[in-house]
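Have a look at the structure below before the remarks.
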Amino acid sequence: MKKIILNTLFLATLGFTFTGCLKDKGFEKNEYGINDPDDSPEGIGFPWAYNPDPRIISVNPSTSLQTVNAPTVLFLAGDPAPKDIHVNLVANQSLVTDWNANPDNTPFATFPAGAYNIPGLKVTIPAGSRLGVLNINVPTTNGLSFSDIYGLGFTIASVDEPGYIIAENLKNIIVGINVANQYAGSYRVTGFFFHPTAQRAIDDVKDLGTVSATGCRAPHSDLYTQNYFFDFDVSPTNTLINYTPRGATPPVPASGFMTADVSTPGGISPYPAAGSDKPGQGEWIHSKYNNTYDPVAETFWMHYGYGAGSNSQTGWTRQVYEKWVKE
């Protein structure tokens, strides 16, 4: 199933990502960007549209007004905008309808009446910048569900200033908005990935997404760039339960939360790497990384693993110990 990505992009990086995209081979082959034979057309597009999977912006549970700064409109040129550029968007819910019609996609929910408003559909890319942002207001999250992701579709319709081209394959976008639970956010993650041939330390910043009021979606180890994720719930006693693999993560029972230190999975001894302790030694002990949440320190202690074809943790040759501290 094609999943909606439950995290927020850092908007400031997008201009750098697409800077010079007119010289990019994919652009030149019309895989994305502006289908124009000129060497350097100046155009307008949604950078998110390059990735067909919609991105999600989270709001906090609140009865106060919150503003979602999305979607981003990008000036597609080698240099920043030489003057203010005014881009006109139109709401296009047919994009959401088409997305939901595909059984391979995770469907979006429809916002209840009055649950959001948009001050205006004209986006300004300021002179000297590459980015312009549409504002979507959420007056209150009362009436919104933690388990739903609400979809809004937009299309770039026109540009007030002459001479700019709308990128045909970057002109449509779906923005998803969900209500974050108390655990969602960015975390500094440190730990160790025990692996038969490629053991390594983990030091990263990862985003924990919302699935329900107590359910979260976590990027797996450092393999989330390869679509490894898992879901879990935080129980009333702050233990992590209901592990559910997502994406490329092996299905249960070939993966899951660990309940003990297993130093010789499958009867083999692939550990340790040079300078590292085995699972169950030194820092890497299950009694510390015991799949719990500390609400005072806003810290998760995780211990999980996987092994293709295995039917229990005794065969999980890949084991992860992680400490997640909310930033």
Report summary line: Result of the Cβ filter at 6 Å on region 193-219, keeping first residues that are touching a residue at least 12 places away in the same chain (Cβ under 8 Å) and partners that are of a type in the set (Gly, Ala, Ser) and assigned to a strand (DSSP E or B), at least 6 apart or interchain, is 202/191; 205/186; 207/186; 208/218; 217/209
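Can you report the number of residues in region 197-214 which are within 15 Å of the chain's Cα centre (by Cα), of a type in the set (Val, Ile, Thr) and modelled with pLDDT of 95 or more?
Residues flagged as within 15 Å of the chain's Cα centre (by Cα), of a type in the set (Val, Ile, Thr) and modelled with pLDDT of 95 or more within region 197-214 amount to 1.
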Query raised in the report: If we keep just the residues of region 153-199 that are in contact with a helix residue (DSSP H, G or I) (Cβ under 7 Å, 6 or more places away or on another chain) and either in a strand (DSSP E or B) or aromatic (Phe, Trp, Tyr) (or both), which is nearest to residue 258 (Cα to Cα)?
Result: 174
Query - One residue from 231, 277 being more than 20 Å from residue 201 (Cβ to Cβ), surrounded by 15 or more Cβ atoms within 10 Å (Cβ to Cβ) and either without any contact (Cβ under 8 Å) to a residue 12 or more places away in the chain or in contact with a strand residue (DSSP E or B) (Cβ under 7 Å, 6 or more places away or on another chain) (or both) - result: 231
Report summary line: A careful count of residues in region 106-148 that are among the hydrophobic types (A, V, I, L, M, F, W, C), crowded, with 17+ Cβ neighbours inside 10 Å and outside any loop (DSSP other than H, G, I, E, B) gives 7
Requested in this report: Check region 241-253 and report whether any residue there is hydrophobic (A, V, I, L, M, F, W, C) and touching a residue at least 60 places away in the same chain (Cβ under 8 Å).
Outcome: no
Query raised in the report: Here are some residues: 144, 65. Which one is touching a residue at least 24 places away in the same chain (Cβ under 8 Å) and either farther than 20 Å from residue 213 by Cα or among the acidic types (Asp, Glu) (or both)?
Result: 65
Query raised in the report: residue 14 versus (1) open to solvent by 20 Å² or more (accessible area, probe 1.4 Å); (2) modelled with pLDDT under 50; (3) hydrophobic (A, V, I, L, M, F, W, C): which is the lone unmet condition?
Result: (1)
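Check 269, 255 and return the single one that is among the polar types (S, T, N, Q) and under 22 Å from the mean Cα position of the chain (by Cα).
Result: 255 is the single residue among 269, 255 that is among the polar types (S, T, N, Q) and under 22 Å from the mean Cα position of the chain (by Cα).
The values are calculated or read from the model by the stated rules, or taken from the named source; none is laboratory data. Remember, it's a predicted structure, so these values are computed and weren't measured experimentally. Glycine gets a Cβ as well: all are built from the backbone with ideal geometry, and neighbour counts include every protein chain shown. Note: areas computed on protein heavy atoms with side chains; ligands, DNA, RNA excluded. Shrake-Rupley method; radii C 1.70, N 1.55, O 1.52, S 1.80 Å.
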